[in-house]
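Structure first, then comments.
The values are calculated or read from the model by the stated rules, or taken from the named source; none is laboratory data. On a predicted model such as this, the values are computed, not experimentally measured, just so you know. Note that each Cβ is placed from the backbone with ideal geometry, even for glycine, and that neighbours are counted across all protein chains shown. What goes into the accessible areas is simple: the full protein's heavy atoms, side chains included, and nothing from ligands, DNA or RNA. Shrake-Rupley method; radii C 1.70, N 1.55, O 1.52, S 1.80 Å.
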Amino acid sequence: MRIPIIAGNWKMNMTTKQALELVKGIHYSFKNPGNVEVIVAPTALLTKTVADAVLGSYIRVAVQNVYHKDSGAFTGEISAVMAKDVGADYAIIGHSERRQYFGETDESVNLKVKSCFANNIIPIVCVGETLQERESGQLHKVIGQQVVRGLHGLNPKEAADVVVAYEPVWAIGTGKTATGQEAEEAHFLIRSLLTEMFGTPMAEKIRILYGGSVKSENAKELLSFPNIDGALVGGASLKVQDFIGIIQGLH
Ligand code: PGA
């Protein structure tokens, strides 16, 4: 019932030439992805270039962040209005790297999520615990706060459309993946929290993606769990064959 999503988070990588080669490569080597939404998130500088290149194909474009105001004196920031204007349909919000290096909080995440919805952008809201939090038994508390505060105040339509990405911080870029069972447990917890917040019908519609060292070798197992509705992929989204291998893990 939930259409899976495979999203590539390119982070601060890719020049114009590399970005165009990558999306062309994905499109040429994978004509019909079937029942899946495929998203790429280039640097905001390349949103328009990539969105123009993939126009009319199955590939959709995300930005990696927005500021919550539409416009104004906020030097260096980009807004959801601007992201939409240049062809983005999704925005990654609250990625752990933004929380860690750029002071993102659950409150700023919530403002950004609302700004996305106000501008017809679907937010992909990232949550996840550090290794220290997991080992000290705080998984439920940390994820609970991030989900409840980050998604506070959404209306039923927004609740059904929002995408959540569970990305355990200790698995990002480290080569350590959560086992399918560990990921499924966290996804089940997130779905239970969403059910408390929005009720069962809405919570059942929400896509919860797993992120953290997803590769073609482990994608199939991770994606086979009932509450894992896709993947947010970093490193392995930068090469055509690696990214395609993950999409193929769905079949
Ligand atoms: P990774 O990154 O796949 O390189 O671990 C995932 C992410 O940060 O979204």
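Here are a few things to note about the model shown:
- Test: residue in segment 230-239 that is crowded, with 23+ Cβ neighbours inside 10 Å, of a type outside the set (S, T, N, Q) and more than 14 Å from the ligand (Cβ to nearest atom): no
- Filtered by the rule that a residue be open to solvent by less than 20 Å² (accessible area, probe 1.4 Å) and more than 16 Å from the ligand (Cβ to nearest atom), segment 161-179 gives a lone residue, Val162.
- Residue that is nearest to the chain's Cα centre (by Cα) [pool: residues in segment 60-103 that are of a type in the set (Val, Ile, Thr) and part of a strand (DSSP E or B)]: Ile92
- Selected residue [within 15 Å of the chain's Cα centre (by Cα) and over 16 Å from Val163 (Cβ atoms)] from Ser213, Ser192: Ser213
- Residue that is modelled with pLDDT of 95 or more and within 18 Å of Arg149 (Cβ to Cβ), where the choices are Ser71, Ser108, Ser79: Ser108
- Remark: Ile26 falls outside the filter, which requires a residue to be within 30 Å of Pro201 (Cβ to Cβ) and either open to solvent by 50 Å² or more (accessible area, probe 1.4 Å) or not in a strand (DSSP E or B) (or both).
- Among the residues of segment 29-46, those that are over 12 Å from Ile244 (Cβ atoms) and in a helix (DSSP H, G or I) comprise Ala44, Leu45, Leu46.
- Across segment 180-189, the qualifying residues are those that are touching a helix residue (DSSP H, G or I) at 6+ places or on another chain (Cβ under 8 Å) and over 26 Å from Leu238 (Cα atoms), and the one among them that is most open to solvent (accessible area, probe 1.4 Å) is Leu189.
- Positions within segment 195-226 being open to solvent by 40 Å² or more (accessible area, probe 1.4 Å), without any contact (Cβ under 8 Å) to a residue 40 or more places away in the chain and part of a loop (DSSP other than H, G, I, E, B), in sequence order: Lys215
- Selection status of Gly137, free of Cβ contacts under 8 Å to residues at least 24 places away in the same chain, surrounded by fewer than 21 Cβ atoms within 10 Å (Cβ to Cβ), not in a helix (DSSP H, G or I) and not charged (D, E, K, R): yes
- Being open to solvent by 10 Å² or more (accessible area, probe 1.4 Å), on the phi < 0 side of the Ramachandran plot, modelled with pLDDT of 95 or more and not charged (D, E, K, R) is true of Ser192.
- Selection count where residues are within 14 Å of the ligand (Cβ to nearest atom) and assigned to a loop (DSSP other than H, G, I, E, B), scope segment 240-251: 1
- Any hit, segment 92-109, residues being surrounded by 21 or more Cβ atoms within 10 Å (Cβ to Cβ), free of Cβ contacts under 8 Å to residues at least 60 places away in the same chain and more than 16 Å from the ligand (Cβ to nearest atom): no
- The set of residues from segment 140-162 being touching a residue at least 40 places away in the same chain (Cβ under 8 Å) and of a type in the set (D, E, K, R) comprises Arg149, Glu158, Asp161.
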